[in-house]
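So the structure is just underneath, and the comments pick up after that.
Here, each number is a calculation from the coordinates, and none is a lab measurement. Owing to the predicted nature of the structure, the values given are computational and were not obtained by experimental measurement. All Cβ positions, glycine included, derive from the backbone under ideal geometry; neighbour counts span all protein chains shown.
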Amino acid sequence: MKAAPFEHICPTSLAEAVALAGEAGARVFAGGQSLGPMLNLRLAQPRLLVQVNRLPELAGVAADADAVTIGACVTHSAIADGAIPDIGHGLLSRVAETIAYRPVRNRGTIGGSLCHADPAADWVTVLMALDASVRLQGPDGARSLRMKDFIQGAFRTALRPGEILRAIRVPRLPASARWGYEKACRKPGDFAHAMAAVFLSPGRCRAVIGALGGKPVILEDDAMSPIGATRALEDIGELDQARLRMQLVVLDRALAKARA
Ligand SMILES: Cc1cc2nc3c(=O)[nH]c(=O)nc-3n(C[C@H](O)[C@H](O)[C@H](O)COP(=O)(O)OP(=O)(O)OC[C@H]3O[C@@H](n4cnc5c(N)ncnc54)[C@H](O)[C@@H]3O)c2cc1C
C-alpha cells in the first residue's frame with residue numbers, strides 16, 4: 001500500500017515549524033522510522049508533513065555540570081557512536097546500540113521515539129529511569145515536563161496540538177551510581193517484550209519496568225524487592241503469569257548487573 005497524498009514542508013526555523021505544526025491536519029516528521037510505516041499503511045493520513053530533523057535548534061548537544069541536553073533530532077546512531085558526553089557511565093550509548101538495526105538507528109531520533117511513545121521503546125523506559133525531562137516548544141511558548149508526566153500511556157504523550165519536542169535534559173549520574181539495563185527480545189533488533197532499567201546509588205535505588213501494555217512502572221527503594229515488584233506488576237492487571245515471570249527475570253538480571 002502507498003501513503004495517501006500529503007504536502008511536505010521542511011521549515012528552516014523552529015518558530016516556522018511550530019506555526020506549521022499547529023495547522024489543521026499537520027504532522028511532525030523526524031526520522032520517519034515509525035511514522036513512515038504508519039503512512040504507508042494509511043494508519044496516519046496527514047494533510048501536511050512538517051519535517052523537523054534538519055532544524056539546527058533540534059540537533060545540538062550541550063553539557064553542563066548537572067546534565068546533558070540532547071536535541072530531539074539526534075539519531076540513535078549518533079548516541080551509539082558516542083556523540084553525547086558520557087553522563088551515565090556508558091548507559092546512553094549502550095541503550096542506543098541495542099535499538100533496532102543500523103539503518104533504523106541512522107534515521108530514527110531520540111525525540112521521535114519519545115513522541116511516538118511505543119511502550120516497548122528503549123528510550124521511554126531508560127529516560128524515565130534517569131528522571132530526564134523534555135523541553136517542548138508550542139504556540140503558547142516553551143515548557144518542560146518530567147518524563148514520568150510526559151509519557152501518559154501506550155502511544156500517548158502530554159504533547160499539545162502544535163507542540164514540538166525540542167530537547168531532552170538528562171541528569172548526570174553520580175560518580176558512585178551503578179546501572180543495569182536488560183531486555184528480552186525474540187531476536188536482536190526486535191522490539192522487546194520485557195525490559196528493565198535499574199539505578200543504584202548511595203541512599204537511592206530506582207527501577208523502571210517497560211514493554212508493558214501502557215506506561216512503564218517505576219519502583220523505588222523497598223518496592224524493588226521481588227515481592228514489591230510482583231505486587232506492582234500484578235496491580236496493573238494486564239500480565240499473564242508467563243509475561244509476569246519474564247518481567248521479573250529481566251528485572252532480576254538488570255539488578256544483578258547493577259550490583260556486579
Ligand atoms: C524495524 C524497526 C525496528 C525498531 N526497533 C526498535 C527497538 O528495538 N527499540 C526502540 O526503541 N525503537 C525501535 N524502533 C523505532 C525507532 O526507534 C524509531 O526511530 C522511533 O520510534 C521514532 O523515531 P523517528 O525519529 O523515526 O520518528 P518519526 O517516525 O518521524 O515520528 C514518530 C512520531 O513522533 C512524532 N514526532 C517525531 N519527532 C517529534 C518532535 N520533535 N516533536 C513532536 N513530535 C514528534 C511524529 O509526529 C510521529 O507521531 C524500530 C523501528 C523499526 C522500523
Quick check: net charge around GLU182, other residues with Cβ under 10 Å of its Cβ, Lys/Arg +1 and Asp/Glu -1? +2
In whole angstrom, note down how far apart the Cα centers of the range 40-113 and the range 172-226 are. 20 Å
For the range 143-158, 3J(HN,Hα) per residue [Karplus equation, 6.51 cos²θ - 1.76 cosθ + 1.60, θ = phi - 60°, Hz, x = Gly/Pro]: 8, 10, 9, 6, 3, 5, 8, 6, 7, 10, x, 5, 6, 10, 10, 8
Give a quick list of trypsin sites (Lys or Arg not before Pro) in the range 128-211 that DSSP marks as loop, anything other than H, G, I, E or B, with at most 10 other Cβ atoms within 10 Å. ARG186
Sorting check: for 230-238, 108-116, which peptide has the highest mean count of neighbouring beta carbons within 10 Å, and how do the rest follow? 108-116, 230-238
Over the range 178-259, with a single point scatterer placed on each C-alpha, what log10 of the ratio I(q)/I(0) does the Debye formula yield at q = 0.26 1/Å? -1.34
What's the magnitude of the charge dipole for the range 13-133 around its Cα centre, counting Lys and Arg as +1 and Asp and Glu as -1 at the beta-carbon? Answer in Debye, nearest 20. 620 debye
Counting each DSSP H run of 4 or more residues in the chain as -39500 (n - 2.57), what helix-only mean residue ellipticity at 222 nm follows after dividing by all residues, to the nearest 500 deg cm²/dmol? -8500 deg cm²/dmol
Over the range 7-51, what is the mean sequence separation of C-alpha contacts under 8 Å (at least six apart), divided by residue count, expressed as relative contact order in percent? 57 percent
With DSSP loop assignment and no more than 13 other C-beta atoms within 10 Å, the trypsin sites (Lys or Arg not before Pro) in the range 1-81 are LYS2, ARG42, ARG47, ARG54
Treat the range 19-155 as a sphere of radius equal to its Kirkwood radius over Cα pairs and apply Stokes-Einstein at 10 °C in a medium of 1.306 mPa s; give the translational diffusion coefficient in µm²/s, rounded to a whole number. 102 µm²/s
Output ³J(HN,Hα) for the range 100-106: one whole-Hz value per residue in order, computed from phi by the Karplus curve 6.51 cos²θ - 1.76 cosθ + 1.60 with θ = phi - 60°, and x for Gly and Pro. 6, 10, 3, x, 5, 5, 5
Cα-based equivalent ellipsoid of the range 82-164: semi-axis lengths in Å, sorted from largest, via gyration tensor: 22, 14, 13
Would you mind listing how long the range 7-51 runs along its three principal axes, going by Cα atoms, in whole Å with the largest first? 30, 21, 13
Quick one: Kirkwood hydrodynamic radius for the chain, alpha-carbon pairs, angstrom, one decimal? 18.8 Å
Regarding the range 121-234, what's the average projected area of the Cα-atom convex hull, expressed in nm²? 8.3 nm²
Equivalent-ellipsoid semi-axes (√(5λ), Cα gyration tensor) for the range 157-207, whole Å, largest first? 26, 22, 10
Quick one: helix 226-236 against the long Cα principal axis of the chain, what's the angle to the nearest 10°, folded into 0 to 90? 40 degrees
